[in-house]
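Engineer: Encoded as C-alpha cells, here's the structure I'll be asking about.
Just so you know, all these numbers are worked out from the coordinates, no wet-lab data involved. Since the model is a prediction, treat every value here as computed from it, not as a measurement. Note: ideal-geometry Cβ built from the backbone for every residue, glycine included; neighbour counts use all protein chains shown.
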Amino acid sequence: MSTIHRTNGSSAVATAGAATLANRHGQITSEALTTAAAATYTLTLTNTQVKAGDNVQAMSAYGTSTTGEPVVTRVAVTDGQIVFSVKNVAAAAALNGTIKVIYNVFPN
C-alpha cells in the first residue's frame, strides 16, 4: 500500500482563466463567468508541484453562480501545469458568477 504525503491545501483566485498555486491539492475560484450553455471554460493552473504523468482528480462546484451546470470534462497535466476544461452542460442557462475547481494530484 502506498502512502500519500499531504500538506495543507490552499486556494487561489483565477484572473482571465489563469491561476498559480503550488500545492498537490487545492481549490481555485474562477473570475465571474457568463459561459453559455454547452460552452467550455478553460482554466490554466501553474503549479510547480505537478509533473507530466501525475494523476489528477478534479471536480467543480458553484461559487457565486446560481445558474448553469459546470462539469470538469478534461484535465491535461504537463510539468508545472494543469489545464482544466469545464463545460456548462445546462440545456439553456449560462453561468452567472464564479465557480470553484477543486483538485487532488496523485504522483505517478
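Engineer: Hey, with R₀ at 22 Å, roughly what FRET efficiency would Thr44 and Thr66 work out to, going by the Cβ-Cβ distance, to 0.05?
Structural biologist: Once rounded, the FRET efficiency stands at 0.30.
Engineer: Remind me, relative contact order of the chain in percent, using alpha carbon pairs under 8 angstrom and six or more residues apart?
Structural biologist: Rounded, it is 33 percent for the chain.
Engineer: Evaluate Rg over Rh across the chain, taking Cα atoms for both radii and Kirkwood's formula for Rh.
Structural biologist: Taking Rh as the inverse mean 1/r over Cα pairs, Rg/Rh reads 0.99.
Engineer: In addition: Grab the Cα-Cα distance for Asn108 and Lys51, subtract it from 0.36 nm times how many residues apart they are, and report the gain in nm with one decimal.
Structural biologist: 19.7 nm
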